[in-house]
Structure formats: structure tokens, C-alpha cells
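**Student:** To start, I am sharing the structure in question, which I have written as C-alpha cells.
Every read-out reported here was derived from the displayed coordinates using simple, explicitly stated rules and does not represent laboratory data. Computed from a predicted model, the values in this text were never measured in an experiment. Here Cβ is always computed from backbone atoms with ideal geometry, including for glycine, and neighbour counts include all displayed protein chains.
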Amino acid sequence: MIRQLLNTYKVPLLLTLLLAVIHFSSKDFTNPYERPIAGDAQAYYAYLPALFIYQDLDYSFTKEMNEKYYPPNYGKSFVKEVEGGEKVNKTFPGVAILYAPFFFMAHAIALIFDLDADGYSNIYQFFFLFGFWVYFLFGLSFYQKVLKKLGFESKLINFSMILIVLATNVFFYTIYDQSVTHIHNFFLINLLLYCLFRFKESSRYGWIGMAVLLLALIGITRPTNAMVVGLIFFFFPGIEFYKSLFKLLKQPLSILKTFLIGLTVFSIPFLLWKAQTGHWVVYSYGEEGFNFSNPHWREFLFSYTKGWMTYTPIVLFILIPGLVLLFMKNKKRALIAIAFYVFGIFVFSSWWCWYYGAGMSQRVMIDHYILLGFLLILILEKIREGKLWLKGLTALLAVGFIGLNIAQAYQIRRGIIPMGSATEEQYWDNFLNFDKKAKIYPLDHWDLEEVQELSFSPEFLPEFSLKTAEDLEGHWTIHVSSHYHFASGNSCQLKNIRKGSKLIFSFDARSRTEAENTRLVVDLKSSENSQQKTFNITPFLKKDEWVRIEYMVEPTQLVDTIKYHFWNGGSEEKVEFRDMQIRHFFSDEYR
């Protein structure tokens, strides 16, 4: 039995184990910034300790938990005040229901073994993560089961699964970010489709009851999940399926059971709103909402700010040929798929935050990747019938897409592409680059007001830097060392420095020893006070090689004089500097 299960689900198991090993090996669990229950997950998860540990739907306990387990100002802000001053968790509770079995296991162990039973200690963090990988494994397993029900060959299903996992942003949201709902949605939707296929085969009500429960749970996880109806029409386009469904559901007992199952799950957010605010219906997202008159189609799909096809380019190579092949094979299904994607992208790109925060590509599209997998298999079937060179080209493209996806996921994780939202210049300047650059990329709406080149020639240096000045390779340089811990150029007086200014300090640096402590210190002085910023430059230094380094300072007040110096922290580190420049940009617009 166990051997049969292992053989049947070998690829889902191997993919899950592979990604879990990479995840655990790349994660520092001693780092409070890397706790699994973080970001959006703090909001979804908070329902459980609020209800079952603290009985506190004002979520006042989160302040203590944030101070105890998370860095300062790191906790997710998810509590909203509604009319009357009552507080409400802005998120929907569906995913908390999926978290619940693992929360209860963690809580039982914490109580039995006298651990911190506060909902956020290490045992809860571990079981939260364990639950995530369980749902990922089941999501892949039901992906496999559904596509097998459609008559696709196992080898093609498995190959498509490997590409969907390793060549799309699924990789990022398993390895690096488990805080969002989309892997859970992927599981729920695949399981829902499987239940409907089982009902189609057996006509048993149990499968419909399960499907109704899942539909309600999917709906209270994210309201936009209602679009799953489009997937149902795609995978079950025949009228006979709906006739058999309505024939069963029109029976009085079936109607009652369906109503009770749906009501039990679907009423949960309404009951929580009532308990939290005294109102049955609350719009918990405050000022956040949709603007259907101004969807961000192009940006959602192709921009360097999280564009779906920019950061997941394999999608473009699946959708176009896949839909063409589907149209040739089944026009009804093709039109449903096109309508589903057009409508879904319209809705998702109309959300006020159409890029959905930090991360990789458009994470909201992960929920429906079983449809992408279906189209991919149609392409693979066609390629299998083709010539050897086409199969070889496909293998090369597959390896290329996987490599590019893993590379970009790593870049986003390491901040080489900050927040997963680059400018065009930043994207291409760092394309397949795995060393983070200390470089500032001015935005289009910044106005350049002034540029100053600051010489390190002795005639322009303060007295304490004169002994460090040297003419090396045709450039005047200054340095810090075991004898001279400080080095500085003259102060400069740029014009009209004020709030909204962006001062970009650029210079070349070269280390002559190992360096860990050397930094740039900038003082912005006014008639009233001064603002000081310190930048550690050592992560970007290379021994015996010049590196261009840039940092930005944003003044919070009027500035009269700018002073700067380099300091090695009193160590024996020797670092040389040359070609200092300051660029003054200004913008009173924040974006």
C-alpha cells in the first residue's frame, strides 16, 4: 500500500521534499525576521490565538507577541477600526481554517510539554510551516489526479508539474515566502475539481457535499476566489454534467444538506464580524478597493513592477500556443479559458494595489495554475509528435525557463531586485547578476537639480585627511587604515536642500585588507540641528578591485552644509576611495 502510494505520487513527493530541503537550508530560524508566521500570515493566523487562547477579538495580544517574537516595527498591521470605533481583522478567515489543525497540534504539544502556549512560540511556528508543506504536497497530488481524470498521460502530467513548480513563481512562494494564501488556494481549487470529477463518475451526493464545503471555504479565503466558477465551467463544459447535478440537488434532502453545509462555512465571516463589531456585514478593507474604471492591464502583465510575464515568462510561451491548440481541438473550452483569463486579469489589475505588495510576479495567478498546466500538456502532446530537433529545443527551453525563474527568485529574495519591483534600468543592469550592487536608480519623476564632483586632491582636503591623499593610477585617493581611522573630503554646499531632496553619494572604493567595519558617515547640517546617516560599505567591497558604490540620503529639513567622512571603526582595515560625486534630485511625490 505504502509502496503503491509512493509510486503513484512520486513526483509530487520529490518536488515537495526538494523545495522543503532548499527552504530549510536557506532559512535562518534564529533570525526573528525569518519567522514563518509573518507578513500577511500574521493577519490570517491571528483568528486562531484570538479565539482559542486569548478570547480577544480586539487583537490587543498582538502587541505583546510582536515585542516578544518579532523585530521592532515588523508586525503586520491588520486591525481596522470601523464605524463606532470597533476593531476588525481586515482579512477573511478561510485560510485560518486551513491553519487550524496544525495550530491545535502545536497548542496540545505546548500544553503537554510545558512550552510557551502563547500561539507564537517556536512550536507554533514549526507546525505552521509543516502545514504549509502538507497543503503544497496535496495541491500537487490533486493537480495530478485531476489531469489524469482528463485522460492525459502520467509522464506529461509530471513534466508539466515540474515546470509549473520550478519555472513559475510557485518556486518563490514555496522557498522564500509562505505568508500568502495562494498555495492554499491552489490546493483547495484542485481538490474541488477532483471532487466534481468523482461526482461525475459516481453521481454520489458525498462528493457534491464536499464540493459545496470547498466552494464556501474558497469563497471566505479571498472574495475574488469566486472566479473559480469559471474553472468549473472550463473543466466541465458539457451540459450533461449540470443536468445530473441539478437532478440530484433538486431532491429535498439534498437541498437541505447543501444549504446546511454551505451556510455552516459561509456564515463564519459574518459571525466574526458580528462578534467583533456588532454588525453582520463589514467592509474590513477600509479605503482599499477596486477601481474597475482604471485597470492596470499592461503593468499587471508586462511591467518591471511585478509583471506576470516579465518575471514568469514561461506563461507567455504556454498561453498563446496552448490556447491556439485548444481552439483547434475544442472551441467551447478555448473560449471559456480566454474569457476566464481576460476577466480574471481585469479584476486583479483593478485592485488598488495591482502589484500585490512585495514578492515575485503576480502571485494571485498561482491559484489557477492547473489551467496553465492543462494548456502546457496540450503543447507537450504536440511536441511529442514532432521531430527530434523540436524535442531538443523544448528541453533546452525548459531548462532555460527553470534557470531564469530560480535566478530571479534568488535576486528578489536577496534584494538585488528590491521588493520584486525593478525599474527597467535596474532590471537589465542586474540581469542574472547575483551580487547585490550599492547603486541607486533614480525614478522618472525625480528632477535632477545639481551635480557636484568632489576632488580628493590635497588642495581640497581638510587637514586630517592630507596624509591619506595619494595620486594612484591617475586619480587622487584618500584612505582609512590602521594609522588613519578617518578620511574625509571637504564639506560641500549644494543649493536648496530640503524635504523631498534625494542626495545620491557615489564613489569608488577598493579594500586592501579584509573589511567588516568601514563605513560612510554623512552629516546634513542646518542652522538648527543636524541629521546624520551611516552606511556600512563592506558588503560591497572587493579586495584589490575598484567598485562603484552609491547611497542615498533623504533630508527631512532644510540643509545648509553637507559633510561626510569615511571611518573604519578604529580597526586595522585599509580601504581606498576616489571619484566622489553628489547628485541632487528632487521630488515632492512619493511613489
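**Student:** Please sort by residue number the chymotrypsin sites (Phe, Trp or Tyr not before Pro) in region 247-282 whose DSSP state is loop and whose Cβ has at most 14 other Cβ atoms within 10 Å.
**Tutor:** Sparse-neighbourhood loop chymotrypsin sites (Phe, Trp or Tyr not before Pro): Trp280.
**Student:** With a cut-off of 8 Å between alpha carbons and a minimum separation of six or more residues, what is the relative contact order of region 447-586 in percent? Kindly include the intermediate steps, with their values, before the conclusion.
**Tutor:** Working: 362 pairs, mean separation 56.9, N = 140.
In percent, rounded to a whole number, it is 41.
**Student:** With r as the distance between the Cβ atoms of Ile255 and Ile338 and R0 = 35 Å, compute the FRET efficiency 1/(1 + (r/R0)^6) and round to 0.05. It would help to have the intermediate numbers written out before the result.
**Tutor:** Details: r = 34 Å, r/R0 = 0.98.
Working from the Cβ atoms, E equals 0.50.
**Student:** At 7 Å along the Cα-to-beta-carbon direction for both Lys437 and Lys329, put a label point, then send me their distance in nm to one decimal.
**Tutor:** Label at Lys437, label at Lys329, 4.4 nm between them.
**Student:** If you line up the long axis of helix 314-329 against the longest principal axis of the chain, both from Cα atoms, how many degrees apart are they, to the nearest 10?
**Tutor:** On a 0 to 90 degree scale, this one is about 30.
**Student:** What number, in percent, do you get for the relative contact order of the chain if the mean sequence gap of Cα pairs under 8 Å and at least 6 apart is divided by its residue count?
**Tutor:** Taking the mean separation of contacting Cα pairs over the length of the chain, I get 12 percent.
**Student:** Using each residue's phi in region 376-393, evaluate 6.51 cos²θ - 1.76 cosθ + 1.60 at θ = phi - 60° and report the 3J(HN,Hα) Karplus result to the nearest Hz, with x for Gly and Pro.
**Tutor:** Per-residue couplings from phi come out as 4, 5, 4, 5, 5, 4, 5, 5, 4, 7, x, 7, 4, 5, 5, 5, x, 4 Hz.
**Student:** For region 401-535, what class follows from the C-alpha gyration tensor (a ≥ b ≥ c being the square roots of its eigenvalues): rounded when a/c is under 1.5, otherwise prolate if a/b is larger than b/c, else oblate?
**Tutor:** Cα axes put region 401-535 in the oblate bin.
**Student:** Taking neighbour counts of Cβ atoms within 10 Å as a proxy for exposure, in what order, fewest first, do Val82, Val180 appear?
**Tutor:** Listing Val82, Val180 from fewest to most nearby Cβ atoms yields Val82, Val180.
**Student:** Another one. Quick one: check the C-alpha center-to-center distance for region 15-48 versus region 200-215, whole angstrom.
**Tutor:** So the two Cα centres are separated by 33 Å.
**Student:** Quick one: Thr312, Thr264, Thr224, fewest Cβ neighbours within 10 Å first, how do they rank?
**Tutor:** Taking fewest neighbouring Cβ atoms as first place, the list is Thr264, Thr224, Thr312.
**Student:** Taking square-rooted eigenvalues a ≥ b ≥ c of the alpha carbon gyration tensor, is region 293-436 rounded, prolate or oblate, where a/c under 1.5 means rounded and, failing that, a/b exceeding b/c means prolate?
**Tutor:** Judged from the Cα gyration tensor, region 293-436 comes out oblate (a/c at least 1.5, b/c at or above a/b).
**Student:** Taking the alpha-carbon centroid of each part, what is the distance from region 87-138 to region 524-556 in angstrom?
**Tutor:** Here the answer is 42 Å between Cα centres.
**Student:** What number in nm² do you get for region 221-320 if you take the convex hull of its Cα atoms and divide its surface by four?
**Tutor:** With every direction weighted equally, the projected area is 10.7 nm².
**Student:** Okay, next question. Taking other Cβ within 10 Å of each residue's Cβ, how do Cys195, Cys492, Cys353 sort, fewest first?
**Tutor:** Starting with the residue having the fewest Cβ neighbours, the order is Cys353, Cys492, Cys195.
**Student:** Taking just the alpha carbons, could you work out the radius of gyration and Dmax for region 484-579, both in angstroms?
**Tutor:** 14.0, 42
**Student:** So for region 1-83, Kirkwood radius off the Cα pairs, Stokes-Einstein at 37 °C and 0.692 mPa s: how many µm² s⁻¹?
**Tutor:** This corresponds to a translational diffusion coefficient of 209 µm²/s.
**Student:** Calculated from the structure, Cα extents along the principal axes in Å equals which of (1) 78, 68, 40; (2) 97, 47, 46; (3) 95, 67, 52?
**Tutor:** Entry (3).
**Student:** At what distance in nm do the modelled label points of Ser527 and Trp297 sit from each other, each positioned 7 Å from its Cα along Cα→Cβ?
**Tutor:** If labels sit at Ser527 and Trp297, their model points lie 5.6 nm apart.
**Student:** I've got another one for you. Of Phe61, Ala469, Leu272, which is farthest towards the positive pole of the chain's charge dipole, taken about the Cα centre with +1 and -1 on the beta-carbons of Lys, Arg and Asp, Glu respectively?
**Tutor:** Projecting each Cα onto the dipole axis, the largest value belongs to Leu272.
**Student:** Also, quick follow-up: Once amide H atoms are built 1.01 Å from N in the peptide plane, which residues 5 or more positions from Ser350, or in another chain, come under 5 Å H to H?
**Tutor:** His296
**Student:** Same structure, new question: 7 Å from Cα along Cα→Cβ at both Ile112 and Trp280: what's the point-to-point distance in nm?
**Tutor:** 4.3
**Student:** Could I ask something else about it? Please work out the FRET efficiency for the pair Phe346 and Asp471, using the Cβ-Cβ distance as r and a Förster radius of 51 Å; give the result to the nearest 0.05. Show your work: numbers first, answer last.
**Tutor:** Details: r = 63 Å, r/R0 = 1.23.
Taking R0 as 51 Å, the efficiency between Phe346 and Asp471 is 0.25.
**Student:** Taking θ as phi - 60°, what are the ³J(HN,Hα) couplings along region 95-106 by the Karplus curve (6.51, -1.76, 1.60), each to the nearest whole Hz, with x for Gly and Pro?
**Tutor:** Coupling constants for region 95-106: 5, 5, 5, 5, 5, 4, x, 7, 4, 5, 4, 4 Hz.
**Student:** How big is the charge dipole of region 293-436 about its Cα centre, in debye rounded to the nearest 20, if each Lys and Arg gets +1 on its Cβ and each Asp and Glu gets -1 on its Cβ?
**Tutor:** For region 293-436, the charge dipole is close to 580 debye.
**Student:** Over region 17-99, what is the mean sequence separation of C-alpha contacts under 8 Å (at least six apart), divided by residue count, expressed as relative contact order in percent?
**Tutor:** 31
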